[in-house]
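Student: Quick one: this structure, given as structure tokens, is what I'll be asking you about.
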Amino acid sequence: MEIILKEDIPTLGFKDDIVTVKPGYARNYLIPKGLAILAVSSEKKKLAETIKQRAFKEEKLIKEAQSLADKLKDVLVKVGAKAGTSGKIFGSVNALQIADAIKNQYDIEIDRKKIIVDGESVKEVGTYKAKINLHKEVQFEIGFEVIAE
């Protein structure tokens, strides 16, 4: 029996995939739980239109993310932190502080959840790298320098 998945199911596939399963599994579990619908011709046409519209929106998001990545690719963000005389900072620098520094210095807002700091943690003054995932297809590295305040 062919069905269209409405949610990602690890053993079957991803949302909007058309998969073939045993009729009992579809009728007794997937369809009643709202995880899938029957893949009749009208539903297949709706799915094709949805995928077409989603591809257009996705392309627009990728272009926006790529232009933002091109702006920030070769910049060095300065992050201020309180530090002792030996160069060790009090606490550590995290993604939130990097996002705030980018907003203050370049007036570009990036969600802190999309910033991944390389290594375990930044606890000394110096230059480091962080990875920014703007989209699943657009990722880049940005340099940041931790300076003592």
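The values are calculated or read from the model by the stated rules, or taken from the named source; none is laboratory data. Quick caveat, the model's predicted, so the values are computed rather than measured. Cβ: placed from backbone, ideal geometry, glycine included. Neighbour counts: every protein chain shown.
Student: Determine which single condition Lys123 fails, assuming it passes every other condition in (1) over 14 Å from Val146 (Cα atoms); (2) touching a strand residue (DSSP E or B) at 6+ places or on another chain (Cβ under 7 Å).
Tutor: All conditions pass for Lys123, except number (1).
Student: A further question on this structure: Anything in segment 53-97 that is aromatic (Phe, Trp, Tyr) and either surrounded by 14 or more Cβ atoms within 10 Å (Cβ to Cβ) or not assigned by TED's automatic domain parsing to the domain that holds Ala130 (or both)? List them, or say none. Talk me through it step by step, then tell me what you get.
Tutor: Of segment 53-97, the ones aromatic (Phe, Trp, Tyr) are 56, 90.
Passing the criteria: only Phe56.
Student: Residues that are under 15 Å from the mean Cα position of the chain (by Cα) and touching a residue at least 12 places away in the same chain (Cβ under 8 Å): list the strands (runs of 3 or more DSSP E) wholly contained in segment 62-149 that include at least 2 such residues. If you could, list the steps in order and put the result at the bottom.
Tutor: Working: elements: 76-81, 88-93, 115-117, 122-124, 126-135, 138-148.
Here the list reads 115-117, 126-135, 138-148.
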